[in-house]
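To start, the structure itself, in structure tokens.
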Number of protein chains: 4
Amino acid sequence: MAIRAGIVGGTGYTGVELLRLLAAHPGVDLAVITSRGKAGVAVSEVFPNLRGHVDQPFVEPDEAGLGECDVVFFATPNGTAMEMAPALLEQGVRVIDLGADFRIRDLELWSRWYGMTHHCPAVAAEAVYGLPERHREAIRAARLVANPGCYPTAVQLGLIPLLEAGLVDTRHVVADAKSGASGAGRQPRQHTLLCEAGENFHAYGAGGHRHLPEIRQGLEEAAGGEVGLVFVPHLLPMIRGIHATLYAPLRDPAVDLQAVFETRYADEPFVDVLPPGSHPETRSVRGSNMVRIAVHRPEDSDMALVLAVEDNLVKGAAGQAVQNMNLMFARPETEGLLAPAVLP
Amino acid sequence: MAIRAGIVGGTGYTGVELLRLLAAHPGVDLAVITSRGKAGVAVSEVFPNLRGHVDQPFVEPDEAGLGECDVVFFATPNGTAMEMAPALLEQGVRVIDLGADFRIRDLELWSRWYGMTHHCPAVAAEAVYGLPERHREAIRAARLVANPGCYPTAVQLGLIPLLEAGLVDTRHVVADAKSGASGAGRQPRQHTLLCEAGENFHAYGAGGHRHLPEIRQGLEEAAGGEVGLVFVPHLLPMIRGIHATLYAPLRDPAVDLQAVFETRYADEPFVDVLPPGSHPETRSVRGSNMVRIAVHRPEDSDMALVLAVEDNLVKGAAGQAVQNMNLMFARPETEGLLAPAVLP
Amino acid sequence: MAIRAGIVGGTGYTGVELLRLLAAHPGVDLAVITSRGKAGVAVSEVFPNLRGHVDQPFVEPDEAGLGECDVVFFATPNGTAMEMAPALLEQGVRVIDLGADFRIRDLELWSRWYGMTHHCPAVAAEAVYGLPERHREAIRAARLVANPGCYPTAVQLGLIPLLEAGLVDTRHVVADAKSGASGAGRQPRQHTLLCEAGENFHAYGAGGHRHLPEIRQGLEEAAGGEVGLVFVPHLLPMIRGIHATLYAPLRDPAVDLQAVFETRYADEPFVDVLPPGSHPETRSVRGSNMVRIAVHRPEDSDMALVLAVEDNLVKGAAGQAVQNMNLMFARPETEGLLAPAVLP
Amino acid sequence: MAIRAGIVGGTGYTGVELLRLLAAHPGVDLAVITSRGKAGVAVSEVFPNLRGHVDQPFVEPDEAGLGECDVVFFATPNGTAMEMAPALLEQGVRVIDLGADFRIRDLELWSRWYGMTHHCPAVAAEAVYGLPERHREAIRAARLVANPGCYPTAVQLGLIPLLEAGLVDTRHVVADAKSGASGAGRQPRQHTLLCEAGENFHAYGAGGHRHLPEIRQGLEEAAGGEVGLVFVPHLLPMIRGIHATLYAPLRDPAVDLQAVFETRYADEPFVDVLPPGSHPETRSVRGSNMVRIAVHRPEDSDMALVLAVEDNLVKGAAGQAVQNMNLMFARPETEGLLAPAVLP
């Protein structure tokens, strides 16, 4: 029987990508798609790529019948899911939050970075961090999944094989990350205009970015101890894709890095370890749920260099959410997620 | 039973798109993929988006066992298909040429534009022009299909409703067409370098472009008479997408243009007539086989203005080829072609 | 002695381009740069390319000492210049409006397209349309110059040689125009986000665009009679540049079009007629005040095809304003405007 | 009296940028521009932005009268300058090589990275490394200047204030660098096609890049000892601009980094230290000779983070060459190099 799915906040980039994936998913019935601003408007009027695929209007979140869904995805600004999730959970609806409300276990730390008080600490405590490569079994059983951030997914998948194996001198880990502009959302803002972000490149958030505590939490869990991390995000003059370039000093430079990665990810359907010497391209995962990773040890250096790419809207958001839904509802984990990336 | 498909010339953009579509097609077995230059190399090494989807090497065309295929696609430079097709047809293999060898019925005209003598006039005579919206029944029965060019597909689909209905003063039709750079192919050429074609826009071929006789042939068939056409192609600073802006003086400006288009395409699975007042975007069909069309009558003018978009690599090449294959092998016409466009 | 220049509304793209040109102009003193939103902020904080070149803050328009300037440029939304210009003119300040307030002679027509009542019809009557190639002598003497729109500059310069010479059957002229996104301004709007306008192409305003009456006014003046024009603008996935593709049926197809253009523009410093067979590229004028034009007669057609490129922010806005200032203050017309375009 | 300048190899991106800058330089006479492939063709036919600015043809290098120039710039593939420079120097011509022939002092090391034997070790020994911020006085007196590479300029200028002052623990310095595609040249190559490099991002040369030994040489000179450097270049989907993101563990995290940079570059005309908290944008130096630098100390970290941007074709190539020429011929160092960057 089809999973009845609801989407709260379907007008952003995460929302449209979720709609694209769920519309093509054989086991899902798109029951409810909400938007305060666009209620009454056909989804396919806002997103013409969905003409013929999603033939229903956005509805108000309140009249939405979200409580009759099997699962509700929140593709909303931070702070929305924590308001609505408790009532849904009580009604037996499972929840996947693509925002940040349930990602950080330390709620005081969360408040500091997100500038809000948390509305439902009790519910937050039961949330499972939705990185299947780390928490698959817990996700299967979860009522509430905190879907990881886009940068955190790429950085964690690039570093956990080294950290889990205790291979890294964890004092000076560097994550130099670059993201396409879709990560900044669909709200009109000056710095993401084509004339500002096109033919241009710069870092941002060098003084501290919200994804830093989430990444650190994941890395420290994997390492079983503190990780000294510098994380610098940059804005790429393109739409989709994240590239994480990761530098980790090795305790023992003689380790076979390629084998470490291949072994760690041997059974992972959405992590592809490239042959030695490779340089993964973001376009090789455009529109796809794959993460592709290459590991190098630069000449004359005792550092590991990891290159990891993902589509920030897929494995970095909507695709990983669908993967989590598949796990939660005992569907095949890869269902609806196997279309090859679109290249060129 | 699966259709055994062969692809000759799989290393270009048309080739990789054909591979992407056929790999995901439930009724096709990718039997043979040839390349002279890359024989022995894994397909997925050249196109990393296909890792896990196409797990075989390119082979030499001669050792290729093409004769054992049910259908062979030619994604080759012009002139190749006409050399190899006759032998394949004799062996009972059906052929779809994505090049131009069989598109122009008047072979003298063909020779003038393509600068070669035709190798197999007899075979050429039986080729069916693979525009399903005009020749669906003939395609079903065809042994040899000439897959239309990218510009010709968009321009013909935008104009034939008017021409078939005799609505146009055919002396001064203008087709101002714009294409993404993937239409120029994957061969390294200076003018399609990112530093030449990026942040830049220009017309080309104003003195005459090879797609002109193909377009005129199709339009004149639809009109049942001569069509005076000016066709000007332009290079867009982007990868995928064709936008045809079409201007046609009307015999009777009072005609209901919207109704003409909606009626003509009511049953077409891959032509989407947008509501009145629309401006179709190329990205609304990126990676998809749809053509989206809007028709306007500009204020104070007796002209019809038609806006048509397609993905030049899909409906303008590989997708239409798969659509033709589906027709030729009595599969559902839309099979393998229904994934929504990737937006943004 | 230096011209004391004021700029009202310096925070948009037209503003920053004007600042770039005037900062490098040897005969200009940048006396006042106003902005309501950014008053008190250093200009170079908003536009870091001007660090070391423009070392002053934006000021409020009212405290601005605009009345002590020799010339004031309005780089403001439509409707601002008509409010402020009369007082400045009375104080003996000359005014160049880069907006649309004084471009249309028929104020009723203006009101219909711009949705406002005109504040100063008397002043509007004396405004000179600042296209030097048509109105050079009047500009020299003008107190108030209406700087042409970006599309109107390219389309007029591309067609006036033919229209002035009476060569065109004026019933079916087509102007298919394409503009970079900087023409849409620096205000955050959804459709000009990189993720919306990048890798995408579409027409807009097919039902009527504000530049249409301005273009028609100019063309009809040149033709000495009515001109039936269809004008369709399109948004290019790039920052700077306009390409106008112009189609004009010829009364006598035997005319030497190349000679017509070369003769007409022989003495124009900013119009470059390319050799026969050329396709001008927008990047060949990026950052420069040049318009480059090629004229073709497509095979088997009685139409003239004109291809014209400009930088919409320079000859289409700020550069033409500086050219007009040079004329008004008897400076060499090309002063400060001769830097070559930046390519690639 | 004007400097008579010759350019060998004027058809690449470095060449056209040099022509753009020298054409606008008040103290230079462009005497000779050579190209083997384009001899006899007008320079402005290849580069239409130079129409009206450079009105002469390319000539063969042998008939070139290079010996009568005051200075000859080599904008050629590696290996050319070392063949031609000795004879020119003997004739009293001064030479600026924009290639790599004279950048590495250790010729054995040079041979290993560039795969050639050096033709003129004696001449190489007298070459001055043309980074004015380090070697200004030597450049003034030099007969032969080795113009630095694009990455090496950005990385060195970003790190030398820290290294000269002995502030860095030099064992684990990371240079994560990103370049626009113009750094890869104008030769048609597949990976720099718009359809390959556009909407895409990846690292390259992770196993070792030719700029590594050049960078290390410069950093070690500044540090007065060994520097353990990992240098990873990446290809940006845009034309111009380099962004170097530099990570350097500090010996004493309490140092005032901002003051270190401001003091070091106080008198440098082409290095702009941004206010604390800044994120320099590549577009802020597009077409300009400026390098803009910001320095941060990320929270909870003992690392310095330096962000440095340059235009790879200007300060990273042609502009720095002109700066060196100005020094060599006792012209004002900034002459011809003060035009503001073009933004947007």
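Nothing in this text is a laboratory measurement; each read-out follows from the coordinates by a stated rule. All of these numbers come straight from a predicted model, not from anything done at the bench. Cβ placement follows ideal geometry from the backbone for every residue including glycine, while neighbour counts extend to all protein chains displayed.
Tabulated values for the structure
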| quantity | calculated |
| --- | --- |
| Label distances, nm, residue C:115 versus same residue in remaining copies, Cβ-directed 7 Å point | 3.1, 5.3, 6.2 |
| Karplus (6.51, -1.76, 1.60) ³J(HN,Hα), θ = phi - 60°, over region B:259-271, in Hz, Gly and Pro reported as x | 5, 4, 5, 5, 5, 4, 9, 3, 9, 8, x, 10, 10 |
| Spacing of the two label points (7 Å from each Cα toward its C-beta) at residue B:41 and residue D:111, in nm | 3.2 |
| Max mean-square fluctuation residue, GNM over chain C, Cα-Cα springs under 10 Å, options C:125, C:318, C:222 | C:125 |
| Anisotropy class of region A:102-188 from Cα gyration tensor, a/c 1.5 cut | oblate |
| Reciprocal of mean inverse Cα separation for region C:141-238 (Kirkwood radius, Å) | 14.9 |
| Mean projection area, nm², convex hull over Cα of the protein assembly as shown | 49.9 |
| Distance from region B:273-343 to region C:175-253 (C-alpha centre basis), Å | 24 |
| For residue B:29, distant residues with modelled amide H under 5 Å away | B:3, B:4, B:5 |
| Pair residue D:329, residue D:268: separation of 7 Å Cα→Cβ label points (nm) | 2.5 |
| Pairwise Cα inverse-distance average, inverted: Kirkwood Rh of region B:64-120 (Å) | 11.8 |
| Whole-number D in µm²/s for region B:271-344 (Stokes-Einstein; Kirkwood sum over Cα pairs; 20 °C, 1.002 mPa s) | 160 |
| Where the Cα pairs of region C:44-88 fall when distances are cut into 5 Å bins, in % | 5, 17, 23, 22, 18, 12, 4 |
| Cβ-defined net charge surrounding residue D:101, 15 Å radius [Lys, Arg +1; Asp, Glu -1] | -1 |
| Within-11-Å neighbourhood charge of residue C:212 [Cβ basis; K, R +1; D, E -1] | -1 |
| Rotation relating B and C, chain C residue nearest the axis via C-beta, angstrom | C:176, 2 |
| For residue C:141, label point 7 Å along C-beta direction: distances to other copies, nm | 6.6, 7.8, 9.2 |
| Convex hull volume per residue for region D:151-312, taking Cα atoms only, in Å³ | 118 |
| Under Karplus coefficients 6.51, -1.76 and 1.60, residue-wise ³J(HN,Hα) of region C:89-95 in Hz, glycine/proline x | 4, 4, 7, x, 7, 8, 10 |
| Distance histogram for region C:3-126 (every C-alpha pair counted, 5 angstrom bins, percent rounded to whole numbers) | 2, 12, 21, 23, 18, 13, 7, 4, 1, 0 |
| Under Karplus coefficients 6.51, -1.76 and 1.60, residue-wise ³J(HN,Hα) of region D:244-258 in Hz, glycine/proline x | 9, 10, 10, 10, 9, x, 8, 5, 10, x, 7, 4, 8, 4, 4 |
| Cα gyration tensor shape for region B:230-318, rounded if a/c is under 1.5, else prolate or oblate | oblate |
| Alpha-carbon radius of gyration plus Dmax, which is the widest Cα pair, for region A:264-304 in Å | 12.0, 37 |
| For region C:1-57 and region A:1-53, distance of Cα centres in Å | 47 |
| Set of region C:293-309 residues, backbone N closer than 15 Å to the point 7 Å along the Cα-Cβ line of residue B:169 | C:302-303 |
| Reciprocal of mean inverse Cα separation for region C:1-69 (Kirkwood radius, Å) | 11.8 |
| Other-chain or far-sequence residues with amide H under 5 Å of residue A:169's (modelled H) | A:250, A:251 |
| As computed over chain A, the Cα convex hull volume per residue (Å³) | 138 |
| Local electrostatic count, residue A:341, Cβ distance below 13 Å [Lys/Arg +1, Asp/Glu -1] | +2 |
| Built amide H within the under 5 Å cut-off of residue C:72, gap 5+ | C:6, C:94, C:95, C:96 |
| Shortest-first distances to equivalent copies, position residue B:338, nm, label 7 Å out along Cβ | 1.7, 6.7, 6.8 |
| Gyration tensor (Cα) of region D:138-195, equivalent ellipsoid semi-axes in angstrom | 29, 21, 7 |
